[in-house]
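The block underneath contains the structure these notes are about, expressed in structure tokens.
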Amino acid sequence: MAASIKIGRIFGVPLYLHITFLIILPLFIYVFSDPPNQVKILGIPLTFKDLATTTTVKYVFGTIAAIIFFITVLLHEVAHSYLAMRYGVKVKGITLMIFGGVSSMEEMPRLPQQEWRMAFAGPMTSLAAGLVCWLAMYGVDALNSSSIVVQGIAILLGIMALYNVLLAGFNLIPAFPMDGGRVLRAWYAFHSDFLEATQKAVRVGKFFAIAMAIFGIFTLDFFLIIIALFIYIGAAEEEQATTITESLHGVTLGQIMTTQVRTVHPDTTIQDLHNLMLTTRFMGFPVVENDRLVGIVTLSDTHKIPRDRTHIATVRDIMTRKVITGTPEMDASKALFMMSESKIGRLVIVQNGRVAGIVTQKDLLRTVDMILARRRTLWNAPRQMAPQAPPPPPPTY
């Protein structure tokens, strides 16, 4: 993830701190240490304000509390990731950021029994951490000690108990992108297909977001309005992403790739390459030498060469040699994910070491539109034959 710092690994999964974490951490330290007002829930203080000690000591305790809390947030995400890896899902990293933690996965488990277990793992970990801290708090309180350190530890345990229980409860709200939204989708998926289950869960999530926003407006709680907006956008993005991946699932690149591929030789001059781009209106070309793919070149690559040297410099000087490729058998949904993650607009299809075709993001999204259009036609006329794989789109690379 951009603007993130790698801090280590756990279970082989990279851990990152997002730059926004540096914004939220001082705020939590302040809220825990010595805010203007003391806040209590069930008689348990959520800050060190009433601790009979200096402001410096309060901030020491507040810093420790903030760090431990974010460690528990990390454990929440690790629980998701650990179970995901057990189900064969590749986890690319865990990032701590302003809204908590995010586990970046290549895909969600398609089986509902796997998704709800994985979704539940995080909140259950937070709830378990909260209950352990709660019991430990009562154990420390039973000492009835006058020591500032012991009293501070008791408050610290109380803060961790309540915040982790709240974290578990908040994440179980049945709305994307919270874990509760995934649990709800898994429940729907037991009775319908994955896309329909997602659409139903998204509708529930949007209802919660709208209700939360209305309540926030009437109570002038702007933080609640921001959370509602976050939930609504997250639900819409989940629906869009699932619609695309489900539409492409089962479609291979061989079914949609452009097989008549224009290629260039490494010794082609940049000037000739520009002329070819103007003629064909293609913005990128595979680079082939002796019938073998050796690189790829795009219009942006040509900007590396000054204009007065375009008649001398060649494609070999500017091409990208490490080319991300696919195969005709590759699932189109996996290819789109790969292209999005790598931030590339086209994927060269290679078979037996030779260029067999090319697919662009526009090709994939056009295929999604075609599949959705045919699906709507089938819904309106259920007796029609099921559609075959879409015909290859016109070349757009």
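Each row is one residue, and each column tells you yes or no for (1) more than 28 Å from the chain's Cα centre (by Cα); (2) charged (D, E, K, R).
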| position | (1), (2) |
| --- | --- |
| Thr259 | yes, no |
| Lys304 | yes, yes |
| Thr310 | yes, no |
| Arg316 | yes, yes |
| Val323 | no, no |
| Met338 | no, no |
Out of curiosity, is Lys90 in contact with a helix residue (DSSP H, G or I) (Cβ under 6 Å, 6 or more places away or on another chain), free of Cβ contacts under 8 Å to residues at least 40 places away in the same chain, under 30 Å from Phe337 (Cβ atoms) and of a type outside the set (A, V, I, L, M, F, W, C)?
-> no
Check on Ala175, within 27 Å of Phe69 (Cα to Cα) and touching a residue at least 40 places away in the same chain (Cβ under 8 Å) | yes
Subset of region 51-107 [among the acidic types (Asp, Glu) and within 26 Å of Trp134 (Cα to Cα)] = Glu77
Consider Tyr16 against the criteria (1) surrounded by fewer than 12 Cβ atoms within 10 Å (Cβ to Cβ); (2) within 21 Å of the chain's Cα centre (by Cα): it satisfies all of them except one. Which criterion is unmet?
-> (1)
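So that you can scan it fast, the table gives a plain yes or no per residue for (1) free of Cβ contacts under 8 Å to residues at least 60 places away in the same chain; (2) touching a Lys or Arg at 6+ places or on another chain (Cβ under 9 Å); (3) over 30 Å from Val150 (Cβ atoms):
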site: His18; (1), (2), (3): no, no, yes
site: Phe32; (1), (2), (3): no, yes, no
site: Gly62; (1), (2), (3): yes, no, no
site: Ala66; (1), (2), (3): yes, no, no
site: Ala84; (1), (2), (3): yes, yes, yes
site: Met97; (1), (2), (3): no, no, yes
site: Ser104; (1), (2), (3): no, yes, yes
So is Glu115 over 21 Å from Ile24 (Cα atoms) and either more than 18 Å from the chain's Cα centre (by Cα) or surrounded by fewer than 16 Cβ atoms within 10 Å (Cβ to Cβ) (or both) or not?
-> no
Some residue of region 149-167 being free of Cβ contacts under 8 Å to residues at least 60 places away in the same chain, within 16 Å of Ala236 (Cα to Cα) and outside the structural domain of Glu239 (by TED's automatic domain parsing) = no
Before we move on, is Leu276 farther than 16 Å from Ile358 by Cα, within 30 Å of the chain's Cα centre (by Cα) and assigned by TED's automatic domain parsing to the domain that holds Met370?
-> no
Say whether the condition of being in contact with a strand residue (DSSP E or B) (Cβ under 9 Å, 6 or more places away or on another chain), surrounded by fewer than 18 Cβ atoms within 10 Å (Cβ to Cβ), under 20 Å from Leu172 (Cα atoms) and small (Gly, Ala, Ser) is met by at least one residue in region 120-142.
-> no
Go through region 1-55 residue by residue and tally those that are basic (Lys, Arg) and either outside any strand (DSSP E or B) or in contact with a helix residue (DSSP H, G or I) (Cβ under 8 Å, 6 or more places away or on another chain) (or both).
-> 1
Of the numbered conditions (1) out of contact with any Lys or Arg (no Cβ under 9 Å at 6 or more places or on another chain); (2) closer than 27 Å to Ala121 by Cα, Leu46 fails exactly one; give the number of that condition.
-> (1)
Restrict the check to region 176-184 and report whether at least one residue is of a type in the set (A, V, I, L, M, F, W, C), modelled with pLDDT of 90 or more and under 23 Å from Phe11 (Cα atoms).
-> no
What do you reckon, is Thr72 under 18 Å from Phe21 (Cβ atoms) and buried (at least 18 other Cβ atoms within 10 Å of the Cβ)?
-> yes
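Closer than 30 Å to Ile358 by Cα, crowded, with 17+ Cβ neighbours inside 10 Å and within 19 Å of the chain's Cα centre (by Cα): which single residue out of Ile244, Ile270 fits that description? Please lay out each step first, then the result.
On the way: Ile270 fails: within 19 Å of the chain's Cα centre (by Cα).
Of Ile244, Ile270, the one residue that is closer than 30 Å to Ile358 by Cα, crowded, with 17+ Cβ neighbours inside 10 Å and within 19 Å of the chain's Cα centre (by Cα) is Ile244.
For every residue, the table says whether it meets (1) among the polar types (S, T, N, Q); (2) under 30 Å from Lys58 (Cβ atoms).
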residue	(1), (2)
Asp141	no, yes
Leu166	no, yes
Gly180	no, no
His191	no, no
Thr198	yes, no
Ala211	no, no
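The values are calculated or read from the model by the stated rules, or taken from the named source; none is laboratory data. Predicted model, so just to flag it, every value in this text is computed and none were measured. As a convention, Cβ positions derive from the backbone with ideal geometry for all residues, glycine included, and neighbour counts pool all protein chains shown.
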